[in-house]
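A.B. asks: Got a structure here, written out as structure tokens. Questions coming.
The values are calculated or read from the model by the stated rules, or taken from the named source; none is laboratory data. Only a predicted model underlies this, so the values are computations on that prediction, with no experimental measurement involved. With ideal geometry, Cβ positions are generated from the backbone for all residues, glycine too; neighbour counts draw on all protein chains shown.
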Amino acid sequence: YMKDGWINRNRILLNQDALLFTFGVKKDSRTKHINQRSYSENAYHSTKERLLKTLFHSYHNAPYFGEVHELIIDILNYEDRNVSKFNTNSLRKLCDYMNIDTPFVLSSTLERTKGLNAEDAVVEINQILGSHYYINAIGGMKLYSPGKFKENGIELKFLRMDEITYQQFDGQFIPNLSIIDILMFNSERQISQLLNNYELLQNYSV
């Protein structure tokens, strides 16, 4: 679990600007993994209600507000506050909505060697799953070495999204917002097209 990461926060559109929202996580040891952390029960309900009110205020005139609002309510009504379980459920619900049928495998369910660094852990997970091809988000370019993966018979690539723009309201486009924003303004067909706007890189040239 990374304290300053995006596991428990994101950005939405409000008054033609980006608004950051955060769900508080219970204070605990920094060494604990994401599946050992929980969202704060005391703050969750107030944060949930505040977010839903903000979403209504910001997006109620968006073309797909009704169905997306119902989806978000369904996600937020999930009762388990474990960060890993809650976020995994959120991802599954979002994937179902976007007709993405990629199977999920939780690394915590695998028999893995303890104490490995991040790169060695990812290599081992690929080996356990019998994978010879691994795609990581572009932010991992400084973390993972293609040579290390190649030594273990795994081809490493990095996914870089192309510039994505779409009609929000009538103002200037605000980029890099939550998937919520994309769903509010785009049809199923448009979302499918946006998801395919990427390229796979094999080296460190960005």
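A.B. asks: Before we move on, is residue 193 surrounded by 10 or more Cβ atoms within 10 Å (Cβ to Cβ), touching a strand residue (DSSP E or B) at 6+ places or on another chain (Cβ under 8 Å) and either under 26 Å from residue 18 (Cα atoms) or among the hydroxyl-bearing types (Ser, Thr, Tyr) (or both)?
C.D. replies: no
A.B. asks: Taking the stated definitions as given, is residue 34 farther than 21 Å from residue 175 by Cβ, surrounded by 11 or more Cβ atoms within 10 Å (Cβ to Cβ) and hydrophobic (A, V, I, L, M, F, W, C)? Even if it seems obvious, please write down each step before you answer.
C.D. replies: Details: farther than 21 Å from residue 175 by Cβ: yes; surrounded by 11 or more Cβ atoms within 10 Å (Cβ to Cβ): yes; hydrophobic (A, V, I, L, M, F, W, C): yes.
Yes, satisfied.
A.B. asks: Please enumerate the residues belonging to region 16-39 that are at pLDDT 95 or above and more than 24 Å from residue 108 (Cα to Cα).
C.D. replies: Once the filter is applied, which keeps residues that are at pLDDT 95 or above and more than 24 Å from residue 108 (Cα to Cα), region 16-39 yields 17, 18, 19, 20, 21, 22.
A.B. asks: Can you tell me which residue among 181, 170 is surrounded by fewer than 12 Cβ atoms within 10 Å (Cβ to Cβ), acidic (Asp, Glu), over 21 Å from residue 34 (Cβ atoms) and out of contact with any helix residue (DSSP H, G or I) (no Cβ under 6 Å at 6 or more places or on another chain)?
C.D. replies: 170
A.B. asks: Kindly provide the set of residues from region 132-182 that are assigned to a loop (DSSP other than H, G, I, E, B) and in contact with a Phe, Trp or Tyr (Cβ under 8 Å, 6 or more places away or on another chain), ordered by number.
C.D. replies: Our first condition is that a residue be assigned to a loop (DSSP other than H, G, I, E, B); within region 132-182, this holds for 132, 143-145, 152-154, 162-178.
Within region 132-182, 154, 162, 165, 166, 167, 168, 173 qualify.
A.B. asks: Also: Six or more apart or on different chains, Cβ under 8 Å: which pairs go from a residue in region 137-148 that's modelled with pLDDT of 85 or more to one that's of a type in the set (Val, Ile, Thr)? Could you list them?
C.D. replies: Taking only residues 6 or more apart or on different chains, the pairs are 138/206; 141/206; 144/122; 148/123.
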